[in-house]
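Step one of this worksheet: look at the structure below.
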Amino acid sequence: MNIFFETLGWIGSFCFLLAYYKLITGKWNSHQTEYHVYNIIGSLLFVLNGAYYTAWAVLFINLAWGIIAGYGLYKDWKVK
């Protein structure tokens, strides 16, 4: 089971890095659905990882990150 949650953490890291890379290189902007979705997926995977390892700070910051990304997605969809 340990490898499963460790893998979730690595996939979450990849989601965050890819979203940030695409933003910085201009391939995505901060109002694109893809940007928000990758941040939401990354945060969800880190929340699961943090819960398994009882890393409460990791869980908290990623839960907050996911909520913020979800709000951004909602706000952008509302405008469209």
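Things worth noting here:
- In plain terms, the residue of S13, S43 with the fewest other Cβ atoms within 10 Å comes first and the most crowded comes last, giving S13, S43.
- Point-charge dipole on Cβ atoms (K/R +1, D/E -1) for the chain, about Cα centre, debye to 20: 300 debye
- Average projected area [Cα convex hull, the chain], square nanometres: 5.1 nm²
Quick note: the coordinates plus some simple rules give every number you see, no bench work behind them. A quick note: this is a predicted structure, and the numbers were derived from the prediction, not measured. Using ideal geometry, Cβ is built from the backbone for each residue, glycine included, and neighbour counts are taken over all protein chains shown.
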